[in-house]
1. Which one of these does ALA48 not meet: (1) small (Gly, Ala, Ser); (2) in contact with a strand residue (DSSP E or B) (Cβ under 9 Å, 6 or more places away or on another chain); (3) exposed (fewer than 13 other Cβ atoms within 10 Å of the Cβ)?
2. Within the range 53-68, track down each residue that is touching a Leu at 6+ places or on another chain (Cβ under 8 Å) and either of a type in the set (A, V, I, L, M, F, W, C) or more than 17 Å from MET107 (Cα to Cα) (or both).
3. If I ask for residues that are among the hydrophobic types (A, V, I, L, M, F, W, C), closer than 15 Å to VAL122 by Cβ and without any contact (Cβ under 8 Å) to a residue 40 or more places away in the chain, which ones from the range 139-156 would you list?
4. One residue is enough: does the range 75-87 have a residue meeting the conditions more than 22 Å from GLU157 (Cβ to Cβ), over 14 Å from the mean Cα position of the chain (by Cα) and not in a helix (DSSP H, G or I)?
5. Run ASP96 past the list (1) in contact with a strand residue (DSSP E or B) (Cβ under 8 Å, 6 or more places away or on another chain); (2) of a type in the set (Asp, Glu); (3) not in a loop (DSSP other than H, G, I, E, B) and report the number of the one that doesn't hold.
6. Are there helices (runs of 4 or more DSSP H) fully within the range 8-68 with at least 3 residues that are touching a residue at least 40 places away in the same chain (Cβ under 8 Å) and not hydrophobic (A, V, I, L, M, F, W, C)? List them.
7. For the range 103-152, name all the residues that are loosely packed, with under 15 Cβ neighbours inside 10 Å, among the aliphatic types (A, V, I, L, M) and not in a helix (DSSP H, G or I).
Amino acid sequence: MDKLVIRPVWRAEYPQVVELIRRVMLEVNIRDYEEAYLLDYVKRYGPAQLAAFADSPDCHFYVGLWEGKLAACGAVAPSEGRPGALEIRSVYVRPDLEGKGIGREMMAVLEADPAFQRAARVVVSASLTAHTFYQKLGYTYENGVKREEDHDHYWMEKFPGKGAGAEPPSPLDAAGKR
C-alpha cells in the first residue's frame, strides 16, 4: 500500500478529521441509521470534542493519508464505559476509498500500538454498519452474545493476550454474572 501512510494525528488536522467523520456518517452510516439521528450526532461532534478525546491521556489517535490526503482515522484509548478495557474508537474511512484495505491497515496499526499489545481486553462499540468488519478481524460479540445496544451499536471484544489476566472471561451465568 504505497499510497497509504498512517501516523499520529496533528492538532491542525482536527477540523479535517471531524469533516471526515461527518462525511462517513452521512454517506456510509446512512445505510443503517436515520438521517435525523446522524445529523444530531455530527452537530454535537466538532473539533473541540475531538480535541478533548484525542488530547486525553493515553489516547493514541492516528490518521491515514492516501496520496497525501486525509483518508482515514482511528484511535485506541482507555474505555470510559468498560473499566479496565482498552477501546478502539473513531475508525472511519473516506467513502470514496472504501474497499482498498485502508480500514484493515488502520486496524493493523491500532492493534500494533503498544497499549493494545499490553491490553488484556480490547472493546469496540461497533456500529450497525461496521460490526461485520470487526468480526472479520477477530472481534467477537461481548460475552459471546450478539446484542444490539440502544438500537445503534454492538459491543465487541478481543483479547490480545499480552496483558495480565488475558484469558477471556467465563461466559455469563443465568443471573448475568460471571
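Just so you know, all these numbers are worked out from the coordinates, no wet-lab data involved. It should be emphasised that the depicted structure is a prediction, and the values quoted were computed from it without experimental measurement. Every residue, glycine among them, receives a Cβ derived from its backbone with ideal geometry; neighbour counts consider all protein chains shown.
1. Result: ALA48 fails condition (2) only.
2. VAL63, LEU65, TRP66
3. MET156
4. No; the residues of the range 75-87 include none that is more than 22 Å from GLU157 (Cβ to Cβ), over 14 Å from the mean Cα position of the chain (by Cα) and not in a helix (DSSP H, G or I).
5. (1)
6. In the range 8-68, the matching helices (runs of 4 or more DSSP H) lie at 14-27.
7. Scanning the range 103-152 gives a single hit, VAL145.
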